[in-house]
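Here the structure is laid out as structure tokens; the discussion comes afterwards.
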Amino acid sequence: MGYFTYQHSQYYHGKIQFNGSSTADAYLYDFGDGTTSSQKSPLHTYTNIGTPYTVKLTMTNSCGATVYNEVITPKYATGNAAFYCYDDFFFNSSLEFIEVTLTGPYGVNMTDKIVGSQFLASCYDTGVIRFEVPWGNYTYTAVKSTTGQTQTGTVEVLPTECKVTQLIF
């Protein structure tokens with residue numbers, strides 16, 4: 001008789017659009033979190049992101065009922081925080097790098113190293129480090145390896161966007 005498909009929202013945490021097969025006369029979704037819907041293509045929001053849920057769809061028509069189950073894990077809507085440094089006289093050896101730590105909501109605490117110079121960088125350029133994270137406000141700390149100089153700041157990450165920050169030492 002059919003099945004259902006689903007798509008995670010790019011803009012909202014835990015929001016999933018379900019789409020039921022067109023061959024049924026009636027639909028009953030059990031989202032696995034204590035809620036249900038009789039719509040053919042409901043939009044549902046889960047509150048426990050990262051928790052797997054078994055979604056059950058019961059579809060009925062004149063021939064009877066068919067049940068379809070699928071395990072779904074809701075996701076955070078994400079964006080990117082990217083960092084680069086332009087310095088012609090730095091990054092000349094493996095001992096010269098900038099370590100960047102990004103901390104923020106949802107337990108995010110990530111570290112990476114910039115190991116090359118970049119001029120007027122975009123999100124996916126060589127020499128740019130990029131963190132894909134749930135949208136929100138983050139704090140970064142960058143440390144220059146050879147001098148110990150530190151730069152700190154904040155960056156707002158928005159859904160589906162890439163926020164590029166130049167580090168200047």
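Here are a few things to note about the model shown:
- In sequence order, calculated HN-Hα J values of the range 15-32 (Karplus, 6.51, -1.76, 1.60; Hz; x Gly/Pro): 8, 10, 9, 9, 9, x, 4, 8, 8, 9, 8, 9, 10, 9, 8, 10, 7, x
- In this structure, the pairs whose alpha-carbon distance is over 29 Å, taken from LYS40/LYS75; LYS40/LYS163; LYS75/LYS113, are LYS40/LYS163.
- Those residues of the range 1-26 whose amide nitrogen sits under 11 Å from the label point placed on THR54, 7 Å along Cα→Cβ: none
- For LYS144, the aspartates and glutamates whose Cα comes closer than 13 Å to its Cα, not counting residues fewer than 8 places off in the same chain, are ASP87, GLU96, GLU99, ASP112.
- Within a Gaussian network of the chain (alpha carbon springs, distance under 10 Å), most fluctuating of GLN118, GLN149, GLN17: GLN149
- Using Cβ point charges alone (K and R +1, D and E -1), the dipole size of the chain about the Cα centre works out to roughly 320 debye.
- Projected label points at ASN69 and ASP88, each 7 Å from Cα along the beta carbon direction, are separated by 6.6 nanometres.
- Inter-label distance, nm, simple model (7 Å from Cα along the C-beta direction), PHE169/THR139: 2.1 nm
- Partner aspartates and glutamates whose Cα lies under 17 Å from the Cα of LYS15, excluding those fewer than 8 positions away in the same chain, are identified as ASP30, ASP33, GLU70.
- No Cys partner within the rule (Cβ under 4.7 Å), the chain: CYS63, CYS85
No value in this document is a laboratory result; all are computed from the given coordinates. What you see is a predicted model; the values in this text were computed from it and never measured. Backbone-built Cβ (ideal geometry, glycine too); neighbour counts: all protein chains shown.
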